[in-house]
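Notes follow once the structure below has been shown.
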Amino acid sequence: MSLHRGRGFASINYPIGMNLGGDPSQALVHSNPDGKFMVALSSIDLGQGMKSVTRQIAAETLGIPVEDVYVDTADSDTGPHCMGSFASRGTHRVGNAVIAAAKEARSVMMEAAAQELEVNPDDLVTDGKGNIHVKGAPSKSITTAAACGAAQFKQGRTVSGRGIFLVPLSDVDPDTGEMTPVTCFAHAAMVVDIDVDDETGEVTVVEMNSAYEVGRALNPRLVEQQLIGGAWMGMSHALWETTEPYYPDRIHGPVDFNEYLMPGPGDIAPHHISVLERPAPDGPFGGKGPGEMCANPVLPAVANAVFNAVGVRIDELPITPEKILRGLAAIGGAQPQPKW
């Protein structure tokens, strides 16, 4: 038995969202009488942190504390239309819609505050702490809660806003049909180090090193956790998980998570991540969003690492010990490739 160390590299670029019918997302924002704001969406948080990010985006746009914003993603009956939570589109598409809705709601709030303070709305600013005051005269102020209350109970205003983001249609070259289907791309590169046992075919992940360009990390800790979790989802698909060859027939396949093969805590290896920021001109505060890109580079990087370790090129996932052993038998044993 010999262990063979292998290193694999992969780099990707990933289109954010899609351009089917403009890929629209909508948002509604309104205040309650106590000055708290509600953001209504049909976009679902799948655990990726979209509710947290849209909450931050709304608070920043409204100029109020983030704790004064709530996000409701109840269902598509109570929220405005959204294409869905897929294609890594949540931060970019939904975030832009939230900005548009929050700007409209903020405009009404500032008009209400201006009427109470007897000034021009253009002379007012928010401090992000729940106060609105006259530029250069902080003592002349009103709380956002008082402004919203005055709007609803004295002035007869609805402090609310509607927002939609729609990808502009691309120009089409009449001769070639060439067009630009998306407005921005995210990028990633990953290096994976593994050990391959040439007797059992088992692969052990030793270390991962990656760099992700995400536009702007609107919530750095959430981005980091999503990148870590997504990479291990990719690793699981690369080496463990499969529904083939029996899907959708469950005969001979796993019937529950006691039988479904995937990595456990003991399989997790160190993962070092560099987050690179290159703000997207059309992204909410420059953000693009990690999304599916978290998992994508892992699969080819692992396949390349196996080839580097033992010389077996596998192009079907998952890369199981059986496939590795069959590959080794076909080439007459391990043939480690040059290291770099």
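Tabulated data
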item	result
Cross-chain or 6+ apart pairs with Cβ under 6 Å, segment 246-268 first and among the hydrophobic types (A, V, I, L, M, F, W, C), then surrounded by 12 or more Cβ atoms within 10 Å (Cβ to Cβ)	Leu261/Trp240; Met262/Ser236; Met262/Trp240; Met262/Glu241
Evaluation of Met293 against (1) touching a Phe, Trp or Tyr at 6+ places or on another chain (Cβ under 6 Å); (2) assigned to a loop (DSSP other than H, G, I, E, B); (3) open to solvent by less than 60 Å² (accessible area, probe 1.4 Å) (one fails), failing number	(2)
Long-range neighbours under 6 Å by Cβ, at least six apart or interchain, first residue more than 17 Å from Leu62 (Cα to Cα) within segment 146-166, second part of a loop (DSSP other than H, G, I, E, B) and open to solvent by 30 Å² or more (accessible area, probe 1.4 Å)	Gln152/Pro33
Unmet criterion (only one of (1) crowded, with 19+ Cβ neighbours inside 10 Å; (2) closer than 28 Å to Ser43 by Cα) for Ser107	(1)
Of the criteria (1) of a type in the set (A, V, I, L, M, F, W, C); (2) out of contact with any helix residue (DSSP H, G or I) (no Cβ under 7 Å at 6 or more places or on another chain); (3) at pLDDT 95 or above, which one Val192 fails	(2)
Tabulated pairs, segment 318-340, first farther than 22 Å from Ser236 by Cβ and outside any helix (DSSP H, G or I), second open to solvent by less than 70 Å² (accessible area, probe 1.4 Å) and among the β-branched types (Val, Ile, Thr), C-beta under 9 angstrom, 6+ apart or interchain	Gly333/Val310; Ala334/Val196; Ala334/Val310; Ala334/Val312; Gln335/Val310; Gln335/Val312; Pro336/Val310; Gln337/Val310
Matching residues in segment 163-186 - criterion: being of a type in the set (Asp, Glu) and either in contact with an Asp or Glu (Cβ under 6 Å, 6 or more places away or on another chain) or open to solvent by less than 80 Å² (accessible area, probe 1.4 Å) (or both)	Asp173
Members of segment 4-19 found to be open to solvent by less than 50 Å² (accessible area, probe 1.4 Å) and over 17 Å from Val94 (Cβ atoms), listed by number	His4, Gly6, Gly8, Ala10, Ile12, Tyr14
Scan of segment 64-90 for residues that are at pLDDT 90 or above, more than 17 Å from Arg162 (Cα to Cα) and surrounded by 20 or more Cβ atoms within 10 Å (Cβ to Cβ), ordered by number	Ile64, Asp68
Gly291 being within 25 Å of the chain's Cα centre (by Cα) and under 30 Å from Glu60 (Cα atoms)	yes
Residue in segment 223-271 that is most open to solvent (accessible area, probe 1.4 Å), counting only those that are among the small types (Gly, Ala, Ser) and over 18 Å from Gly47 (Cβ atoms)	Gly266
Residue in segment 20-31 that is in contact (Cβ under 8 Å) with a residue 60 or more places away in the chain, among the hydrophobic types (A, V, I, L, M, F, W, C) and surrounded by 23 or more Cβ atoms within 10 Å (Cβ to Cβ) present	yes
Those residues of segment 11-52 which are under 20 Å from Ser107 (Cβ atoms), among the small types (Gly, Ala, Ser) and part of a loop (DSSP other than H, G, I, E, B), in sequence order	Gly35
Positions within segment 37-60 being at pLDDT 95 or above and open to solvent by 20 Å² or more (accessible area, probe 1.4 Å), in sequence order	Met38, Arg55, Gln56, Glu60
Test: residue in segment 312-329 that is closer than 28 Å to Ile99 by Cα, surrounded by fewer than 19 Cβ atoms within 10 Å (Cβ to Cβ) and either at pLDDT below 95 or not β-branched (Val, Ile, Thr) (or both)	no
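The values are calculated or read from the model by the stated rules, or taken from the named source; none is laboratory data. All figures in this text were calculated on a predicted structure; none of them were measured in a lab. Cβ sites come from the backbone with ideal geometry, for glycine too, and all protein chains shown count toward neighbours. Quick note on the areas: whole protein, heavy atoms, side chains included, nothing else; ligands and nucleic acids left out. Shrake-Rupley method; radii C 1.70, N 1.55, O 1.52, S 1.80 Å.
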